[in-house]
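Each remark here refers to the structure printed beneath this line.
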Amino acid sequence: MTGKMDMPLRYLKGVGERRSQQFARLGITTLGDLINFYPRNYEDWSNIVSIAEAPFNQTCCIKATAITEPAENRVRKGLTLYKFKVSDGTSTMMITIFNSKYAAEKIKPGCEYLFYGQVGGNFNHREMAAPQIETPGSGTRIRPIYRQTEGLNSRYIESCVSRALEILDKELDSDPIPADIRLKHNLCTRRFAIENIHFPKNAEDINIARKRLVFEELLILQLGLLKIKSRSRSSNTVFICKDYTDEFASLLPFKLTDAQARTLKECIGDMQGEYPMSRLVQGDVGSGKTAVAAGAAYTVIKNGYQAALMAPTEILAEQHATSLTSLLSKGGIKVGILTGSLTASQKRKTLEELSTGEIDLAVGTHALLSEGVEFKKLGLVITDEQHRFGVAQRAKLAAKGINPHILVMSATPIPRSLALILYGDLDVSILDQLPPGRKPVETYAINSEKRERAFNYVKKHIDEGRQAYIVCPLVENGEESDLASATEYVEKLAKGAFKGYKLGLLHGRMKPAEKEKVMDMFAKNEISVLVSTTVIEVGVDVPNAALIVIENAERFGLAQLHQLRGRVGRGSHKSTCILISDAQNEEAVRRLKIMCSTNDGFKIADEDLKLRGPGDFFGNRQHGLPDLKIADLKTDMSILRSAQSTAREILAIDCDLKLPQHQELSKEMAKLFEKVGEHGLN
Ligand code: ADP
Ligand code: MG
């Protein structure tokens, strides 16, 4: 489906530079994008009710004749009403138009119109305020409602879609889903689906169209995921002859927990097996996933290969590089770091050392994925905080070696049904044990009136040698003011509650080197209170920090709060998390209560699921999946299952999607995953 589908929107009459940019904000740049931009809802203008029988306070469509001229009534500056009476023979009704002289002037007594809105008033006096008004004829139908953006309203988008469909008439005949599969799963053609998702004749057709489009979307998703995973079926080329666990353990300043030892053993077992390792290590925050990764890396390296560890943020990459260097250099291992903030000459040197094999363990951000990064002999790829990466990125890093082993680490517990989709054939190890001596973090939710008392509590602990995080209050508009208000907040603390204490500020707009410096000072206890926007969320590890105060705690989801809280309780000191919030809304209050009642990440994930539903696990890119346009995993589980089995059947007969009938699928798949690559990271 190329050619016209890829034509830029400008080909539509009336769409120029400005409109194109507005459309781009909705992710639409080509005609193909436009017809694949599905309505988010519909208005039923086809079901016309009489005025006498129209239900009160429910949206409906009424066909009636204007019997008076619109009368202008200037209520005050900025508010002018135009009222007129209509009748459909069963009864009469007053219509009010707000402020639009233009709309009012179009109303002519004696003419018939469609009024779409809610009937108010009472049986003696019915009225409809601010209805949508159309002339009958083309108006009497189910109308699509699109997500709008500044400058583009749903009606305008509708008209563009309609024109695009005319231009793409021929293209609609090509169908990515082969006919036999459509038949088997009772799916309509692509033409029917696209035409009816936008301009359905009745509600039934929307369902038929929707089912087909959901199937298509999930089929393509599944094909992509299965292909990424299919590498694990090829045989193991990175042989691990010798197990170095004991040697590794002797380098550690602590004894591995049983869970860590078991998981490491599982990893090494995998790497000695017939196929490359594909393993997910799931462990709550603080369970010590890094040590497992280090152990696996150590073993691979001692067997003559390189390993790579990819982290989602620079801070985290720096931190891993520092701790792994101090841990593994005693074992003769050279750790190198690769992030976006290296100078050109540093970068050149690192790349060189990676390609010659001088660096054994490369730690970095997604910079590791860039072109020009070449390994001599990459045997193991580890991604930390897996949920922050796209599946495609993991695959991309793996492609830098010849079938390397893959280890992914995640602190986000996900429900089994979803795990199956995402990690279908990853083996899973669970670190269900925290290192010894950890005390559960005590969590309190307070309102802002008690802030001062909370700060006194924090100061008392700092005086005893501890350190604290404070997560800044929320600001409304954008990064600029975010920064300004964070700075202001720190200054206020420095002059007020925390006068005389060493404060540091960490925010998203700092240069990586500056961030690193602040983190470093915090790690060395040269800063007592680290005030931060949420950049500390993932992975940061400073065991002496035993307190965290989170302002505007209501703005965070449970998973995020749990991650933030996971920054403390990492050492042997008693730790405290204080959630400050004045929110009254029920859901926010409930979240804070849950936080106070448990430290168990799996319980929290369960509650999260109850509060938000599984859709959100995907919706907010928690797991690096492509955005789904139409499928909803809350309700479309059964379509998902048939899409999954269909994807397997297709790959079984055509593993590279080379057959002519699979060409379109192959292209669509590439497109979907390319997008993940672009913005799977934040
Ligand atoms: P996470 O699973 O959240 O990534 P980390 O790997 O950052 O956790 O480990 C958290 C802290 O626990 C680190 O300071 C680490 O040194 C420490 N740690 C890890 N394993 C053990 C252990 N077996 N005994 C004691 N401390 C440990
Ligand atoms: Mg970690």
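The values are calculated or read from the model by the stated rules, or taken from the named source; none is laboratory data. These numbers were taken from a predicted model, which means no experiment stands behind them. With ideal geometry, Cβ positions are generated from the backbone for all residues, glycine too; neighbour counts draw on all protein chains shown. Side chains are part of the model used for accessible areas, which takes the heavy atoms of the whole protein and leaves out ligands, DNA and RNA. Shrake-Rupley method; radii C 1.70, N 1.55, O 1.52, S 1.80 Å.
Assorted remarks:
- Probing with 1.4 Å while keeping every protein chain in the model, the per residue accessible area of segment 442-598 equals 46 Å².
- Per-residue 3J(HN,Hα) values for segment 88-104, derived from phi via the Karplus relation 6.51 cos²θ - 1.76 cosθ + 1.60 with θ = phi - 60°, read 10, x, 8, 5, 10, 7, 8, 10, 10, 9, 9, 6, 9, 4, 4, 5, 5 Hz in sequence order (x marks Gly and Pro).
- For the set 347/377; 524/574; 242/400; 396/511, the pairs lying more than 22 angstrom apart at their alpha carbons are 242/400; 396/511.
- Measuring max minus min along each principal axis, the C-alpha atoms of segment 47-140 give extents of 37, 29, 20 Å (largest first).
- Computed from the Cβ-Cβ distance with R0 of 35 Å, the FRET efficiency linking residue 59 to residue 105 stands at 0.85.
- In a simple Cβ point-charge model (Lys, Arg +1; Asp, Glu -1; nothing else charged), the chain has a dipole of about 660 debye relative to its Cα centre.
- For residue 362, distant residues with modelled amide H under 5 Å away: 307, 308, 309, 336
- Once the 1.4 Å probe is applied to the protein heavy atoms, segment 47-140 comes out at 56 Å² accessible per residue.
- In the chain, the longest principal axis of the Cα atoms and the axis of helix 663-679 are about 70 degrees apart.
- Accessible-area composition of the chain, carbon plus sulfur, in percent [1.4 Å probe]: 50 percent
- Computed over the chain, the per-residue total of -39500 (n - 2.57) for DSSP H runs of n ≥ 4 gives a 222 nm mean residue ellipticity of -12000 deg cm²/dmol, rounded to 500.
- Comparing 497, 569, 172 along the charge dipole axis of the chain, the residue lying farthest to the positive side is 497, per the Cβ-charge model.
- Between 0 and 90°, nearest 10: helix 601-612 axis offset from the chain longest Cα axis: 10 degrees
- For segment 47-140: relative contact order, % (alpha-carbon pairs under 8 angstrom, 6 or more apart): 30 percent
- Between 0 and 90°, nearest 10: helix 478-495 axis offset from the chain longest Cα axis: 50 degrees
- Rounded FRET efficiency, nearest 0.05, which uses the C-beta distance separating residue 24 from residue 432 and R0 of 60 Å: 0.80
- Its residues counted as N, segment 627-670 yields a C-alpha radius of gyration over 2.2 N^0.38 Å of 1.30.
- Protection proxy ranking for 279-290, 569-580, using the average of other Cβ atoms within 10 Å per residue and placing the highest first: 279-290, 569-580.
- Estimated vicinal HN-Hα couplings, Hz - segment 43-48 in sequence order (Karplus 6.51, -1.76, 1.60; Gly, Pro = x): 10, 8, 8, 8, 9, 8
- Antiparallel bridge percentage (DSSP; both residues within the chain; nearest 5): 40 percent
- Across 589, 531, the residue with the most accessible area heads the list, and the full order at a 1.4 Å probe is 589, 531.
- Rounded to the nearest 20 debye, dipole of segment 28-184 from Cβ charges on Lys, Arg, Asp, Glu: 680 debye
- Accessible-area value, residue 46, 1.4 Å probe, nucleic acids and ligands omitted, Å²: 50 Å²
- Whole-percent P(r), the chain, all Cα pairs, 10 Å bins from 0: 3, 13, 19, 21, 19, 14, 8, 4, 1, 0.
- Each Cα pair under 8 Å and six or more residues apart adds its separation to the average, and for the chain the resulting relative contact order is 13 percent.
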